[in-house]
Amino acid sequence: MPVTNHHFLFTMRIKIEEFEVNCECICEDELDKELEQRGLEFCRFADDFNIFVRSPKAAERVMKSISKYIEQKLKLKINHDKSMVGRSRDIKFLGMTIIDGTIAISAKSIKRAMQQVMELTPRGTYLPLGKTIERINRWYIGWGGYYRITQYPAQLRKIETHIRRRPRSRLVDQQKRRRHLFKKLLKRGVTHRSASRAAFSNKGRWALSHPFALSKAFPVRWFTHELGQVIKSNQGFPHRYPLSRWIKVT
């Protein structure tokens, strides 16, 4: 059933100790029908269920009745350690979370993606930048495709920005002396003043990868047109909000 603007849900994980091959079939044929007959809004993947209700009191009541149905009628065992009642924004499902009726990538999934980018762009790598971006693209095409359901493309842009910042940091580190970085920035079209402020500052390689001078020297267009970086945040899906809209996830 469709998920509407409810603020409370409980997540139930069903674990079958025997006959696991029949778990999904049982859930589809009996539990799904039971939830539909009760008029409950829910989403399910294999043995994980999210059921949406309007209040904490209703959530506790439904949790109790559905748990009884599963254990007594279907003879299935519930993993109570992974079953809970809480606000929808605090409960994660398949890497997503629902906040005020909208779908967003969970904070944990974002953090894992940032870590993956870091692992794909290690310090001291021998790979050329083009090959590095190819490796990232192979991962990001799949990751971005899975999370395309998010209604906040700004979350995808955050990952894409991080992808660009890692190579910029590497480009800074490749200039063994600050005057070399200064000349490199001038060559890339940065003004004398901006290049001087960036190159001769006391900032380290990571901090230097963020200032305007580096973004000017190696802009988004350079990454997409010359290195072939894949961009997912600009896909115009009708369910998405504008890029300017951000959502805070926990």
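The values are calculated or read from the model by the stated rules, or taken from the named source; none is laboratory data. It should be emphasised that the depicted structure is a prediction, and the values quoted were computed from it without experimental measurement. With ideal geometry, Cβ positions are generated from the backbone for all residues, glycine too; neighbour counts draw on all protein chains shown. Side chains are part of the model used for accessible areas, which takes the heavy atoms of the whole protein and leaves out ligands, DNA and RNA. Shrake-Rupley method; radii C 1.70, N 1.55, O 1.52, S 1.80 Å.
What number of residues within region 146-190 are out of contact with any Ser or Thr (no Cβ under 7 Å at 6 or more places or on another chain), open to solvent by 50 Å² or more (accessible area, probe 1.4 Å) and in contact (Cβ under 8 Å) with a residue 24 or more places away in the chain?
Selection size over region 146-190: 7.
I need every pair where a residue in region 50-71 that is of a type outside the set (A, V, I, L, M) has its Cβ under 7 Å from the Cβ of a residue that is at pLDDT 85 or above and in a helix (DSSP H, G or I), sequence separation at least 6 or different chains.
Tyr69/Glu34
Name, by its number, the condition in (1) under 24 Å from Thr250 (Cα atoms); (2) out of contact with any His (no Cβ under 9 Å at 6 or more places or on another chain); (3) not polar (S, T, N, Q) that does not hold for Lys64.
With (1) under 24 Å from Thr250 (Cα atoms); (2) out of contact with any His (no Cβ under 9 Å at 6 or more places or on another chain); (3) not polar (S, T, N, Q) applied to Lys64, the lone miss is (1).
Could you please give the count of residues in region 147-193 that are in contact with a strand residue (DSSP E or B) (Cβ under 8 Å, 6 or more places away or on another chain), among the polar types (S, T, N, Q) and in a loop (DSSP other than H, G, I, E, B)?
Of the residues in region 147-193, 2 are in contact with a strand residue (DSSP E or B) (Cβ under 8 Å, 6 or more places away or on another chain), among the polar types (S, T, N, Q) and in a loop (DSSP other than H, G, I, E, B).
Can we say Arg240 is buried (at least 17 other Cβ atoms within 10 Å of the Cβ), within 30 Å of Ser88 (Cβ to Cβ) and in contact (Cβ under 8 Å) with a residue 24 or more places away in the chain?
Here the answer is yes, as Arg240 does meet what is asked.
Failed condition for Asn234, given (1) in a helix (DSSP H, G or I); (2) touching a Lys or Arg at 6+ places or on another chain (Cβ under 9 Å), with all others met?
Answer for Asn234: the failing condition is (1).
Residue by residue through region 199-231, note down the ones that are open to solvent by 60 Å² or more (accessible area, probe 1.4 Å), of a type in the set (A, V, I, L, M) and either farther than 16 Å from Arg157 by Cα or assigned to a loop (DSSP other than H, G, I, E, B) (or both).
None; the set is empty.
Of all residues in region 119-145, count the ones that are under 27 Å from Lys248 (Cα atoms), open to solvent by 80 Å² or more (accessible area, probe 1.4 Å) and free of Cβ contacts under 8 Å to residues at least 60 places away in the same chain.
Looking only at region 119-145, we keep the residues that are under 27 Å from Lys248 (Cα atoms), and these are 119-121, 136-137, 139-145.
Next, only the ones that are open to solvent by 80 Å² or more (accessible area, probe 1.4 Å) stay: 119, 141.
Still in the list and also free of Cβ contacts under 8 Å to residues at least 60 places away in the same chain: 119.
Residues in region 119-145 being under 27 Å from Lys248 (Cα atoms), open to solvent by 80 Å² or more (accessible area, probe 1.4 Å) and free of Cβ contacts under 8 Å to residues at least 60 places away in the same chain: 1 in total.
In this structure, is Ser196 closer than 29 Å to Ile105 by Cα, part of a helix (DSSP H, G or I) and at pLDDT below 95?
Answer is no for this residue.
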